[in-house]
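The values are calculated or read from the model by the stated rules, or taken from the named source; none is laboratory data. In this text the structure is predicted, and so the values were computed from the model without any measurement. All Cβ positions, glycine included, derive from the backbone under ideal geometry; neighbour counts span all protein chains shown. Remember, those area values only see protein heavy atoms, side chains included, never the ligands or the DNA or RNA. Shrake-Rupley method; radii C 1.70, N 1.55, O 1.52, S 1.80 Å.
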Amino acid sequence: MISIRNLDAGYGSVSVLRDVSMEIGEGEIVAVLGSNGVGKTTLNNTLSGLIRPSAGEVTFEGSVISGLPPADIVAHGLIHVPEGRKLFPNLSVRDNLELGSYKRGRANRSQNLDKVLEVFPKLRERIEQLAGTLSGGEQQMVAIGRGLMSEPKVLLLDEPSLGLSPLLVEQMFALIKQINDTGLSLILVEQNVIQSLAIADRAYVIEEGSVTLSGSAAELRENSDLKKSYLGL
């Protein structure tokens, strides 16, 4: 569904991504792994249209989307769930979710809200509560639910486990796999290597702005370089 070819991107004269190529197929979970500062956020922002690449291109279902405004990329069906949730803390859970259908999915807002509350039943209990008063795990559910309200074809999840307790991390990854089981393609951008490779179909490892490892999740779980660099084995 998404093809990234020889992508270079950065900020002004500062180059961050260098010759990055990736493929995301229909119905897959593709993990993008790497520590802080390696270029994952720049990749996310480039895919979402917040940054214009200096070279290469991104195609979505055969159409070039690199360089398009963010709203046009959303209209294509690529939805970014940002790091840090970026909720409206003084609005209710309902309002935060419904804002996800502002650009895309408006006609089916009511039905999509019911679907989101089926995936995250705890949010039904919190539906009129202010988003800023929720726990970290509940806020992450709202952020992902808001993305689902946009009727995504591909959902880009940016560090969904960040700041969660170990138990909530496990639950969050189980929910991500549950969402994928409906047929939705996911790009999972994470530092959590073990949990990501447990649910992903394929993965890419980014170091210093370039892809250094790629393959099936099963292959990367057994890769000695990855074990040494990220798992301390």
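When the residues of region 1-18 are narrowed to those that are assigned to a strand (DSSP E or B) and of a type in the set (A, V, I, L, M), which ends up modelled with the lowest pLDDT? The qualifying residue modelled with the lowest pLDDT is V14.
Quick one: would you say G145 is under 30 Å from A107 (Cβ atoms), without any contact (Cβ under 8 Å) to a residue 60 or more places away in the chain and outside any loop (DSSP other than H, G, I, E, B)? Against the criterion (under 30 Å from A107 (Cβ atoms), without any contact (Cβ under 8 Å) to a residue 60 or more places away in the chain and outside any loop (DSSP other than H, G, I, E, B)), G145 qualifies. For G27, the conditions (1) farther than 29 Å from L113 by Cα; (2) open to solvent by less than 40 Å² (accessible area, probe 1.4 Å) all hold with the exception of (1). Within region 121-138, the residues that satisfy the criterion of being closer than 27 Å to G77 by Cβ and buried (at least 21 other Cβ atoms within 10 Å of the Cβ) are L123, A131.
Restricting attention to region 98-108, and to residues there that are part of a loop (DSSP other than H, G, I, E, B) and open to solvent by 60 Å² or more (accessible area, probe 1.4 Å), which single residue is modelled with the lowest pLDDT? Residue satisfying both the conditions and the ranking: K103. Contact annotation: residue pairs with Cβ atoms under 8 Å, 6 or more positions apart or on different chains, pairing a residue in region 156-181 that is more than 20 Å from L78 (Cβ to Cβ) with a partner that is part of a loop (DSSP other than H, G, I, E, B) and open to solvent by less than 10 Å² (accessible area, probe 1.4 Å), are M172/P160; L175/F120.
Yes/no per residue for (1) surrounded by 15 or more Cβ atoms within 10 Å (Cβ to Cβ); (2) in a loop (DSSP other than H, G, I, E, B):
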{"residue": "V20", "(1), (2)": "yes, no"}
{"residue": "T41", "(1), (2)": "yes, no"}
{"residue": "N90", "(1), (2)": "no, yes"}
{"residue": "N96", "(1), (2)": "yes, no"}
{"residue": "S110", "(1), (2)": "no, no"}
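Candidates in region 191-233 are the residues that are of a type in the set (D, E, K, R) and assigned to a helix (DSSP H, G or I); of these, the one that is most open to solvent (accessible area, probe 1.4 Å) is K228.
Only one of the numbered conditions (1) open to solvent by less than 10 Å² (accessible area, probe 1.4 Å); (2) under 28 Å from G132 (Cα atoms) is not met by V58, and that is (2). On the given criteria, is V32 buried (at least 17 other Cβ atoms within 10 Å of the Cβ), in contact with a Lys or Arg (Cβ under 7 Å, 6 or more places away or on another chain), assigned to a helix (DSSP H, G or I) and not charged (D, E, K, R)? Spelling it out, it is not the case that V32 is buried (at least 17 other Cβ atoms within 10 Å of the Cβ), in contact with a Lys or Arg (Cβ under 7 Å, 6 or more places away or on another chain), assigned to a helix (DSSP H, G or I) and not charged (D, E, K, R). Among the residues of region 112-139, the ones that are under 12 Å from N96 (Cα atoms), of a type in the set (S, T, N, Q) and part of a helix (DSSP H, G or I) come to 1 in all.
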